[in-house]
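Q: Below: one structure in structure tokens.
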Amino acid sequence: MTPPAAPYPRVLIAAFQGWSDAGDATTDVLQHLGELLDVEVLHVISSEGYVDFQVHRPRLMLEANGKRALEWPDTRLFGPVQRPGDPAEPSSTGAEGAPESGAETVRRLDGSPVTDLFLLAGVEPARDWQNFADEVVELIDVWAIDTVIILGSMFSDAPHSRPIVTTLTSESAELRAQTGAERSSYEGPAGISSVVDLALADAGIPPVSLWAQVPHYVHSTPSPKATLALLDKLEELLDIVIPRGELLAQANEWETNINRIAAADEEMSRYIRRLEESRDEALAAETTGDAIAMEFEKFLERDHRPPRAGDAGQAPDGNGDADPGAAGPEEGDPA
């Protein structure tokens, strides 16, 4: 089935449960978006041959008619609901069943609902990663996806009491210029997200990788604060508005609970204070560096750029010729 063209770029957001999903941050992003969007399963990449079922066991379910059935840990592509009689453009907001104007859903800045966002959710395979990546590449080609964002989260020396750091990388110079991403310099163990990232780049569909740093000392619980940080960055990248629902309250409760635990453990409190001091020093140095860079750019523009007609001999102020802002050095496994 070949989907019709859409007036907006088709965007796929992908995340894989496992090594690159610290604090369940990325899979919770997909779950949150799936609850807000009008999507259905468009394609399934079978887990057979890819997934270790002793690690990711199938779940026994009772269907509505009482019949027992197995739900396998497959990788599923979710996309806009295709209804009989829908117009050729799946992004049309007039189709029957589309979100009403007041419904809570993902919207564009003009208030119209987003109906061209796709989600790819699955678990990290245990084997045949290259074949799995080839299936993902083929799927993106069949559904005419224009932009791919691969989500990841990693445990790091990040204090829970400070904003979650996100990093953005891409192999594409064009995407780096558009998004402010950097080219990853990471070397080390890789996950399936890196394999898919490089496979897409080789196929001429370079993705953007978006990663969040999760405090490693709270690894046993989901991290809604990291989920929120990823959603914040997705809003910025895609120029959309994503309702947060209960996530803000959950993130506040998460931080409050950690504060309470740390207050009863002096060693943990001292460790967190060291992390906070290190993060604050790094932020101050980054801020100072940015300020110096901006002043240097102004100096170059003022003293070395010829005046434009109508400037009355005054050199123009800088207005965007500088290199896009960097997302920060990569730590972890973003490709």
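Q: (1) touching a helix residue (DSSP H, G or I) at 6+ places or on another chain (Cβ under 9 Å); (2) part of a loop (DSSP other than H, G, I, E, B): which one isn't true of L168, the others all being true?
A: For L168, the failing item is (2).
Q: With the requirement that a residue be of a type in the set (S, T, N, Q) and surrounded by fewer than 19 Cβ atoms within 10 Å (Cβ to Cβ), what does the range 148-167 give you?
A: The answer is S156, S161.
Q: Within the range 10-57, can you find the residues that are in contact with a Leu (Cβ under 7 Å, 6 or more places away or on another chain) and among the polar types (S, T, N, Q)?
A: Passing the criteria: only T26.
Q: Going by the structure shown, is P73 within 22 Å of P206 (Cβ to Cβ) and in a loop (DSSP other than H, G, I, E, B)?
A: no
Q: In addition: Please determine, by comparing only the residues of the range 168-202 that are among the polar types (S, T, N, Q) and closer than 30 Å to L42 by Cα, which one is surrounded by the fewest Cβ atoms within 10 Å (Cβ to Cβ).
A: The qualifying residue surrounded by the fewest Cβ atoms within 10 Å (Cβ to Cβ) is Q178.
Q: Looking only at the range 107-135, count how many residues are of a type in the set (A, V, I, L, M), touching a Gly at 6+ places or on another chain (Cβ under 9 Å) and more than 20 Å from Q178 (Cβ to Cβ).
A: 3
Q: Okay, moving on. Find all pairs meeting these conditions: Cβ atoms under 7 angstrom apart; at least six residues apart or on different chains; first residue within the range 171-184 and touching a residue at least 12 places away in the same chain (Cβ under 8 Å); second residue basic (K, R) and part of a helix (DSSP H, G or I).
A: Note: pairs meeting the criteria are E182/R176; R183/R176.
Q: Could you check the range 254-273 and list, in sequence order, the residues that are surrounded by 11 or more Cβ atoms within 10 Å (Cβ to Cβ), of a type in the set (D, E) and in a helix (DSSP H, G or I)?
A: Residue satisfying the conditions is E255 alone.
Q: (1) surrounded by fewer than 20 Cβ atoms within 10 Å (Cβ to Cβ); (2) acidic (D, E); (3) outside any loop (DSSP other than H, G, I, E, B): which one isn't true of D28, the others all being true?
A: In the conditions (1) surrounded by fewer than 20 Cβ atoms within 10 Å (Cβ to Cβ); (2) acidic (D, E); (3) outside any loop (DSSP other than H, G, I, E, B), D28 misses (1) alone.
Okay, residues lined up against (1) under 24 Å from D116 (Cβ atoms); (2) without any contact (Cβ under 8 Å) to a residue 60 or more places away in the chain; (3) out of contact with any Pro (no Cβ under 9 Å at 6 or more places or on another chain); (4) not in a helix (DSSP H, G or I):
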| position | (1), (2), (3), (4) |
| --- | --- |
| L210 | yes, no, no, yes |
| Q213 | no, no, yes, yes |
| S220 | no, yes, yes, yes |
| A226 | no, no, no, no |
| L231 | yes, no, yes, no |
| L234 | yes, no, yes, no |
| L237 | yes, no, yes, no |
| L248 | no, yes, no, no |
| A251 | no, yes, no, no |
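Q: Also, I was wondering about something else. Mind listing whichever residues of the range 13-61 are hydroxyl-bearing (S, T, Y) and in contact (Cβ under 8 Å) with a residue 40 or more places away in the chain?
A: Within the range 13-61, S20, T26, T27, S47, Y50 qualify.
Q: Of the conditions (1) at pLDDT below 95; (2) in the same structural domain as G18 (by TED's automatic domain parsing); (3) surrounded by fewer than 20 Cβ atoms within 10 Å (Cβ to Cβ), E277 fails just one. Which one is it?
A: Every listed condition holds for E277 apart from (2).
The values are calculated or read from the model by the stated rules, or taken from the named source; none is laboratory data. Because the structure is predicted, anything quoted here is derived from the model rather than measured. For neighbour counting, all protein chains shown are included, and Cβ atoms are generated from backbone atoms with ideal geometry for every residue, glycine included.
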